[in-house]
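A quick write-up on the structure given underneath.
What follows draws every value from the coordinates through simple rules; no lab data is involved. Nothing here was measured: the structure is a model prediction, and the numbers come from that model. Counting neighbours? That spans all protein chains shown, and the Cβs are built from the backbone with ideal geometry, glycine included.
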Amino acid sequence: MMLLANPIVILAILLTLSMGGNYGLYKLWQGRVAEVGSISAERDQAIDASKQCSVATERLAQAAKDREKRLRTAIAVAEKKAKQAQAKADATLAMMPAFPNDACASAAALSKTKLEERAKALRNALEGVKP
C-alpha cells in the first residue's frame, strides 16, 4: 500500500494511462487520415472521369453537328435528283405513244429510246476516263 502512496508511482501510472490514451487517439487519427486520403483519391478519380466524360460529350456533339450538316446536304441533293426524276417521269407519261393502237409496240419503242438515252449519257460520262 505504501507503493500507491508514492507520488512517483502515481505519476508513472498516470503517465502510462496517458500514453495509452494518446496511442489510441494516434491510431484513430491515422485511420482517419488514411480514410481521407482514400476519399480524396476517389474524388480525384471521379473528377477526372467527369472531365473525360465532358470532353467525350463535346466531341460527340460536334460529330453529330458535322453529320447533320453532311446529311442535310445529301438530303438536298437527293431531293433535287428526285424532282428531276419526277419531271422526267411526268414528261415520259405525257408523251404520245409511238403506236397509238399498240401498247406493247409503244412500250418497246419507249424502252429503246430510254436505253439509247442512258447509253449516250454513259458514253458522255466516260469520255474523259482512260481505261
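Charging the Cβ of each Asp and Glu at -1 and of each Lys and Arg at +1, and nothing else, the dipole of the chain about its Cα centre rounds to 760 debye.
Along segment 103-108 the Karplus relation, 6.51 cos²θ - 1.76 cosθ + 1.60 evaluated at θ = phi - 60°, assigns HN-Hα couplings of 5, 5, 5, 5, 5, 5 Hz to successive residues, with x for each Gly and Pro. Relative to the longest principal axis of the Cα atoms of the chain, the long axis of helix 7-94 makes an angle of roughly 0 degrees. Think of the chain as having a plus end and a minus end, set by charges on the Cβ of Lys, Arg, Asp and Glu; of N101, Q86, W29, N101 sits farthest toward the positive end of this dipole.
Temperature 25 °C, viscosity 0.890 mPa s: under these conditions the Stokes-Einstein estimate for the chain, based on its Kirkwood radius over C-alpha pairs, is 97 µm² per second.
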